[in-house]
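Asks: This is the structure, below, for whatever I ask next.
The values are calculated or read from the model by the stated rules, or taken from the named source; none is laboratory data. Quick caveat, the model's predicted, so the values are computed rather than measured. No Cβ is skipped: glycine too gets one built from the backbone with ideal geometry, and neighbour counts run over all protein chains shown.
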Amino acid sequence: MAKPKRDSKSVDLANRIIEEYQPESVEDMQNALRDIFGPMFETMLKGEMNHHLGYESNDKNEKDTKNRRNGYGNKTVKTSSGEVGIEVPRDRDGSFDPKLIPKRQKDVSAIEDKVISMYARGMSQRDISSTVEDIYGFSVSHEMISDITDSILPELEEWQTRPLSNCYPFVFVDCMYTTIRNQYETKKYAVYTILGYTLEGSKDILGLWLNETESKHKWMQIFDEIKARGVEDIFFISMDGVSGLEEGARSIFPDVINQRCIVHLIRNSVKYVPSKDYKPFTQAIRKVYAAPSLKACHSAFDSFKQQWSAYPGAIDVWTRNFHHVEQLFDYGSAIRKIMYTTNAVESIHSSFRKVTKKGAFPNENALLKVLYLRVTELEKKWEGGHIQNWAMVMNQLLLHDTLKNRVLKYLE
C-alpha cells in the first residue's frame, strides 16, 4: 500500500516548528502550540468579521457600506498550552460581536477540549478536522490535532504509574485486540486491562498495557508492576483460560484465589454443541454453577453429564475445570456472584471497541490516548457509586475464616 501524501502546507508547518523550536518533549511542543494557536484564532476571527460585514477584506464593495473594518485590538487569551496574544478585528460602529471568542472572554481552552473530547469518542483525525472546519470554517491539520491530543500524554503517564490501593478483594483481567500500523503493515496488538474492586466497593482500572500477543510472561510482568505500585494483597482474580496465567498470578500474590470465568467455559463448551441445542444446554449447565449448595451442584452435574453425554467434547470442558465450579461454593452467594465471571472487565473492553473500531492506529501512543480518554469517561460515570450489594459482600468476607484477618488488616 502506497504511503499517503501529506498536505504540503502541513509538512511545511511541521518542519518550521521543528526547525525553530527543536522540540524534544511534549512540553516543548506545547510551547510551539502557543505560537500556532494565535494565528489560528486570528484567522477564524477574520472569517467571522467577513461574515458580519458581508464581504472579505480588500473587497471593492467595501466603499459602498456604512460599516467597515477599523483595525485591530490586542487581547491575551488563555489556552491549555498557556497564554497567547492575539489581534481581534474591529469595525467602525462597534457592532462586531465574535462568537468564537466573545467580548470579555479570555479563556479559549474549551476549543482544545472539544478536539480532545471528539478524539475520546473515537473520531478519526480526518473526522475531527472536517467537524472543526464545518463549525468554524477553519481547517485544522492532522498534525495539529495530534499535537493537541498529545497534551494529555503527561497525564496518561502519571495515571499509568500512580500508586494503587494496598488491597483489592476482587480483580478481573482480560485482553482485547486492536490494530496498529507499523510503517507499511498492520499488526494486531493485545490490550491488557485490569479492573479492581476496592474494599470500599468502588471500581478502579489499575492500568492499560500493550503487547503484540497475550502471554503468561507479560501478565507476570504486569502483576509484578502493580505490586511495585503498592498492591499488597488480592483475594480473588477472575480470568479466562490463558495457559500459565494462574501460576503467574500466584507467583506474585501467593494467597490469591484464581477463578476461571464461567462464561468463558460456557463459550468453550458450546463449540461442541449444535446450535439447536444451545439454549437447553446452557440452561442445564446453569443449574450446576448456580446451585444453592455444593451438594446440589454435584447432583446437578451428574444429571448434566448423563443428559448431554452425546456431546463428550462439551462434557470434557466442564469435567477438566469442575474444581473452578466447586470452589465457588466455598464462599457466600454475594461473593460468588462477583467472582464467577470476567464480565465486569469485558464490559470495559466493549466500551473501548466503540472508540477503536475506526481502524488501525498510527502508533502505540495514539491508541493509548484514546483508551485513556475512554477510561476517564468511565471513571466519571462510576464516581460516587458502589458495587451492587457491597455491604453483603463485605459481611460474607468477614464471616469467612481464611479471609477475615486479611480484610481486617486493611480496614484498620
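Asks: In the range 337-377, what residues are more than 16 Å from K203 (Cβ to Cβ) and outside any helix (DSSP H, G or I)?
Replies: Y340, K357, K358, G359, A360, F361, P362, N363
Asks: Which of the residues belonging to the range 248-267 are surrounded by fewer than 18 Cβ atoms within 10 Å (Cβ to Cβ) and either charged (D, E, K, R) or more than 28 Å from M220 (Cα to Cα) (or both)?
Replies: Of everything in the range 248-267, those that are surrounded by fewer than 18 Cβ atoms within 10 Å (Cβ to Cβ) and either charged (D, E, K, R) or more than 28 Å from M220 (Cα to Cα) (or both) turn out to be R250, D255, R267.
Asks: Count, please, the residues in the range 370-385 that happen to be under 15 Å from V345 (Cα atoms) and of a type in the set (G, A, S).
Replies: The number of residues fulfilling the criteria is 0.
Asks: Another one. All but one of (1) in a helix (DSSP H, G or I); (2) at pLDDT 65 or above; (3) touching a helix residue (DSSP H, G or I) at 6+ places or on another chain (Cβ under 8 Å) hold for I148; which doesn't?
Replies: Of (1) in a helix (DSSP H, G or I); (2) at pLDDT 65 or above; (3) touching a helix residue (DSSP H, G or I) at 6+ places or on another chain (Cβ under 8 Å), only one is false for I148: (2).
Yes/no per residue for (1) surrounded by 15 or more Cβ atoms within 10 Å (Cβ to Cβ); (2) modelled with pLDDT of 70 or more; (3) within 30 Å of L153 (Cβ to Cβ); (4) not assigned by TED's automatic domain parsing to the domain that holds I152:
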{"residue": "E24", "(1), (2), (3), (4)": "no, no, yes, no"}
{"residue": "E48", "(1), (2), (3), (4)": "yes, yes, no, no"}
{"residue": "K60", "(1), (2), (3), (4)": "no, no, no, no"}
{"residue": "G82", "(1), (2), (3), (4)": "no, no, yes, no"}
{"residue": "G94", "(1), (2), (3), (4)": "no, yes, no, no"}
{"residue": "P98", "(1), (2), (3), (4)": "yes, yes, no, no"}
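Asks: Further, regarding this structure: Between residues in the range 376-398 that are modelled with pLDDT under 95 and residues that are not in a helix (DSSP H, G or I), which pairs lie under 7 Å by C-beta distance while being six or more apart or on different chains?
Replies: Pairs that qualify, where the first residue is modelled with pLDDT under 95 and the partner is not in a helix (DSSP H, G or I), are W382/S202; W382/K203; H386/G201; H386/S202; I387/Y197; I387/G201.
Asks: Could you please let me know if K357 is modelled with pLDDT of 95 or more, out of contact with any strand residue (DSSP E or B) (no Cβ under 8 Å at 6 or more places or on another chain) and not acidic (D, E)?
Replies: no
Asks: Follow-up question, since we're still on this one. Could you check how many residues of the range 268-319 are of a type in the set (D, E, K, R) and either in contact (Cβ under 8 Å) with a residue 60 or more places away in the chain or surrounded by 12 or more Cβ atoms within 10 Å (Cβ to Cβ) (or both)?
Replies: 5
Asks: Check V191, V171 and return the single one that is closer than 18 Å to K369 by Cβ and assigned to a strand (DSSP E or B).
Replies: Only one candidate passes the filter, namely V191.
Asks: Report the residue count in the range 274-293 for those that are under 35 Å from the mean Cα position of the chain (by Cα) and of a type in the set (G, A, S).
Replies: 2
Asks: Among (1) in contact with a Leu (Cβ under 9 Å, 6 or more places away or on another chain); (2) of a type outside the set (K, R); (3) not assigned by TED's automatic domain parsing to the domain that holds I237, where does I338 come up short?
Replies: Only one criterion in (1) in contact with a Leu (Cβ under 9 Å, 6 or more places away or on another chain); (2) of a type outside the set (K, R); (3) not assigned by TED's automatic domain parsing to the domain that holds I237 is unmet by I338, namely (1).
Asks: Quick check on Y189: is it out of contact with any His (no Cβ under 8 Å at 6 or more places or on another chain), surrounded by 19 or more Cβ atoms within 10 Å (Cβ to Cβ) and farther than 25 Å from G385 by Cα?
Replies: It is true that Y189 is out of contact with any His (no Cβ under 8 Å at 6 or more places or on another chain), surrounded by 19 or more Cβ atoms within 10 Å (Cβ to Cβ) and farther than 25 Å from G385 by Cα.
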